[in-house]
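The values are calculated or read from the model by the stated rules, or taken from the named source; none is laboratory data. Note that the structure is predicted; figures quoted are calculated from it, not measured. Glycine gets a Cβ as well: all are built from the backbone with ideal geometry, and neighbour counts include every protein chain shown. Heavy atoms of the whole protein, side chains included, go into the accessibility calculation; ligands, DNA and RNA do not. Shrake-Rupley method; radii C 1.70, N 1.55, O 1.52, S 1.80 Å.
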Amino acid sequence: MLFAGANYHPHDWPRERWRHDIDLMRKASFNIVRLGHLCWDSFEPSEGNYTFEWFDEVMELFAEAGIKVVLDIATRPAPTWLHRKYPEISLTAPDGLRMEAHTRYMEDIGHPAFQEYAYAFAKTLVTRYRHHPALYAFGLCNELGSGSPSYSGAARDRFEAWLRNKYITVERLNRAWTSQRWSRKLNSFNDVVLPISGQVKGAPERLLDMSRFYSDETLAYMQGLSDIVKELAPHARETTNHWSENPGYGFDYLKQYQTIIDLPGIGFYPGTNPEDRRALSAACFFMDHRIGELDEPIWCLEFQTGDFGGYASPRNAMRMYAYLSLIHRAQAVCAWTWRTMLGGEEQYVFGLLDHDGIPGWKYDEFKQIAEEFKLLQDRGLPRKTNAEIAVAYSYESLKVMAGNRSFYKADYTEQVLQAYGALELANLDCNIVNLRDIRKSYKLLIVPGHAVMDSESAETVRSFVEQGGIVVMTAYSAKVNTHNQVFDTAQPGGLNDVFGIRSGAFVRTRSHTPAENAGGLEKSELGLEREKPAIMMDSRELQPKIDYYEILESRTAETMAVFTNTWECSPAVTRNRYGKGEAIYVALPANTEFLAVVLDSLYPALGIDKGPSTPPGVSARRLDNGDILYVNTTGKPQTLSLPRSGLGLLSGQSFESELILDAYDAELVQF
């Protein structure tokens with residue numbers, strides 16, 4: 001079954017408006033609604049004073065309308081009365097000052113006092129609505145991972161306890177943190193401080209452990225909410241629209257997701273400009289990231305209808321986004337939001353209804369989505385996949401690369417998206433995996449810019465190749481060990497024998513910041529006026545964008561491609577036989593167009609069939625029944641060649657050898 005609906009905030013609107021809104025949803029064929037988020041104090045306006053009666057009526061109205069409910073367990077933001085009772089749950093800034101809870105996500109979710117009250121509220125909410133006929137699933141709070149960590153004394157104490165548990169002795173901690181540098185040895189765990197003060201940050205080893213600590217606290221809190229639902233409402237589904245990749249906070253979702261949720265969820269926000277290809281790719285990638293290796297469809301618990309100050313995407317683009325989400329295994333799309341709020345920080349995030357509550361063309365477009373989703377029942381949707389390709393994702397590498405821009409000048413997320421884009425060009429599915437815990441079998445493993453290479457991850461790569469798989473790793477990978485210390489062995493660290501190379505020297509082909517030219521050297525002296533490097537591969541000269549490349553020394557590896565127009569003419573791509581498989585190293589950061597060429601050369605031997613052939617900007621997947629879903633993500637009509645004649649389920653048109661898709665259009669062709 002497919003679901004289409006909206007996020008609804010009944011506490012924002014007069015009671016007499018509820019029936020009118022729900023009737024509009026019913027007439028639009030909506031069959032799902034998300035309720036309850038961001039409004040703890042509407043259920044518990046003061047400690048222990050629960051006022052569920054108003055919400056009981058809302059739930060009954062949706063049950064009467066035949067619309068199922070995803071009910072969020074709204075433990076963030078914490079209510080004002082809880083901040084007043086326990087000021088210590090409020091966030092403390094890096095400068096040590098307590099921050100007033102004037103907006104959302106201003107609570108320290110690791111603080112025991114916060115958790116005591118949050119879990120009590122969660123139990124009360126779940127118990128009250130667990131058997132309600134409208135209930136479909138509980139949401140494990142809203143956007144966990146967003147906001148900021150707290151740098152309070154209480155957080156420092158918890159960090160100390162976390163370090164004690166991890167390292168056992170202060171001697172081990174000193175070695176892990178290279179604390180002899182700059183006379184910063186610890187005499188006891190009591191000497192531990194949070195490695196940040198104002199704008200000044202500490203050593204990379206300490207910063208990585210601090211990120212791990214905050215991540216583990218978030219995971220533990222989410223696990224606690226999940227355990228409450230499992231215990232009190234074992235029949236209910238559980239989902240969440242977390243924000244684990246948040247660059248300022250976030251958490252290591254892939255470390256623990258398999259024990260926390262059974263129905264992956266996301267806020268699907270590709271932006272209101274469909275021509276922003278990076279935003280579109282990121283939205284799709286993180287859908288696949290949320291699924292990981294779960295054999296479950298994903299729910300777009302928030303689905304973009306407008307933006308901050310942006311009324312909407314171009315006409316039909318919302319519908320295009322909906323079909324693009326189906327390609328990436330979605331089962332539900334819930335518009336954010338139903339009606340544009342009159343006040344608050346999101347008063348100009350435009351919903352399906354305008355400020356005056358009158359439906360417009362966006363309502364009609366979402367109505368079309370909901371009605372077409374009904375047509376797609378029993379057509380092999382939501383998609384089930386058996387991905388043959390895995391892409392490694394590393395929260396720790398995200399933190400490491402963001403924390404040391406002096407060397408890692410390429411953004412980690414950008415590296416992953418570039419690799420992911422090569423698979424999108426081929427219309428191929430992939431699973432996003434944690435190298436420390438891969439549970440399925442794959443033919444191809446792609447490791448883009450995976451700076452941290454701990455022993456468990458290295459063993460996964462080694463074993464994968466030994467057993468007959470092919471690994472493709474890109475530059476910036478395997479630079480530091482589990483403690484964020486640079487390897488003292490040949491790089492790629494822990495894997496140089498698997499890849500059969502040594503990577504040490506590197507070249508930057510252009511200046512990245514004015515500071516890099518602070519010595520006053522001429523461009524020619526800095527080597528900035530060289531010809532642009534090119535790559536020769538299979539008698540083809542390719543010229544991807546190259547700001548940085550590593551000078552590889554082959555030991556047992558053979559050369560697949562070489563740099564030209566460089567002083568070294570060193571290998572650009574190497575290939576090493578190891579065990580039953582092969583390890584391939586690309587000496588430049590992940591680049592979609594170049595990786596597509598490399599991967600295309602590997603698919604035939606691996607027995608991987610590329611997806612349906614489409615022009616750039618058109619996504620397509622073949623369903624289990626042989627039908628093909630095509631989505632034109634561009635603002636121009638696109639002509640597609642069909643494998644044979646077919647019938648368009650959405651348009652009702654017959655097609656012979658080609659299909660012309662209008663801008664932002666979609667079609668499911670039955671063959």
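Below are the figures for this structure:
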item: Single match in Leu588, Leu647 (criterion: part of a strand (DSSP E or B) and not polar (S, T, N, Q)); result: Leu647
item: Among the residues listed as Ser148, Ser152, the single one being under 26 Å from the mean Cα position of the chain (by Cα) and either at pLDDT 95 or above or surrounded by 14 or more Cβ atoms within 10 Å (Cβ to Cβ) (or both); result: Ser148
item: Tally, over the range 463-493, of residues that are in contact with a strand residue (DSSP E or B) (Cβ under 9 Å, 6 or more places away or on another chain), open to solvent by 30 Å² or more (accessible area, probe 1.4 Å) and in contact (Cβ under 8 Å) with a residue 60 or more places away in the chain; result: 4
item: Any pair with Cβ under 9 angstrom, 6 or more apart, that starts in the range 328-348 at a residue that is more than 30 Å from Asp295 (Cβ to Cβ) and ends at one that is buried (at least 18 other Cβ atoms within 10 Å of the Cβ) and charged (D, E, K, R); result: Thr337/Glu302; Trp338/Asp21; Arg339/Asp21
item: The range 386-410, residues that are open to solvent by 40 Å² or more (accessible area, probe 1.4 Å), of a type outside the set (A, V, I, L, M, F, W, C) and out of contact with any helix residue (DSSP H, G or I) (no Cβ under 7 Å at 6 or more places or on another chain); result: Asn386, Glu388, Arg405, Ser406, Lys409
item: Tabulated pairs, the range 350-369, first at pLDDT 95 or above, second of a type in the set (Asp, Glu), C-beta under 9 angstrom, 6+ apart or interchain; result: Phe350/Asp307; Leu352/Glu365; Leu353/Asp21; Gly357/Asp21; Lys362/Asp354
item: Candidates Phe213, Phe189, filtered to the one that is under 21 Å from Glu396 (Cα atoms) and among the aromatic types (Phe, Trp, Tyr); result: Phe213
item: Spans of strands (runs of 3 or more DSSP E) in the range 286-393 with at least 3 residues in contact with a Gly (Cβ under 8 Å, 6 or more places away or on another chain); result: 298-304, 330-336
item: Meets criteria (more than 22 Å from Thr509 (Cα to Cα) and open to solvent by 10 Å² or more (accessible area, probe 1.4 Å)) for Glu558; result: yes
item: Residues that are open to solvent by 20 Å² or more (accessible area, probe 1.4 Å) and more than 20 Å from Ser29 (Cα to Cα), drawn from the range 342-370; result: Leu342, Gly343, Gly344, Glu345, Glu346, Gln347, Tyr348, Phe350, His355, Asp356
item: Residue list for the range 604-620, restricted to those being open to solvent by less than 50 Å² (accessible area, probe 1.4 Å), in contact with a strand residue (DSSP E or B) (Cβ under 8 Å, 6 or more places away or on another chain) and either in a loop (DSSP other than H, G, I, E, B) or free of Cβ contacts under 8 Å to residues at least 60 places away in the same chain (or both); result: Ile608, Gly611, Pro612, Thr614, Pro615, Gly617, Val618
item: Answer from Ile546, Ile551, Ile535 - the residue that is open to solvent by less than 40 Å² (accessible area, probe 1.4 Å) and not in a strand (DSSP E or B); result: Ile546
item: Scan of the range 180-217 for residues that are in contact with a Lys or Arg (Cβ under 6 Å, 6 or more places away or on another chain) and free of Cβ contacts under 8 Å to residues at least 24 places away in the same chain, ordered by number; result: Pro195
item: Residue count, the range 274-283 (criterion: part of a helix (DSSP H, G or I) and crowded, with 21+ Cβ neighbours inside 10 Å); result: 3
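This table checks each residue for (1) part of a loop (DSSP other than H, G, I, E, B); (2) open to solvent by less than 30 Å² (accessible area, probe 1.4 Å).
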position	(1), (2)
Leu24	no, yes
Ser29	yes, yes
Arg34	no, yes
His37	yes, yes
Asp41	no, no
Thr51	yes, no
Trp54	no, no
Glu57	no, no
Phe62	no, yes
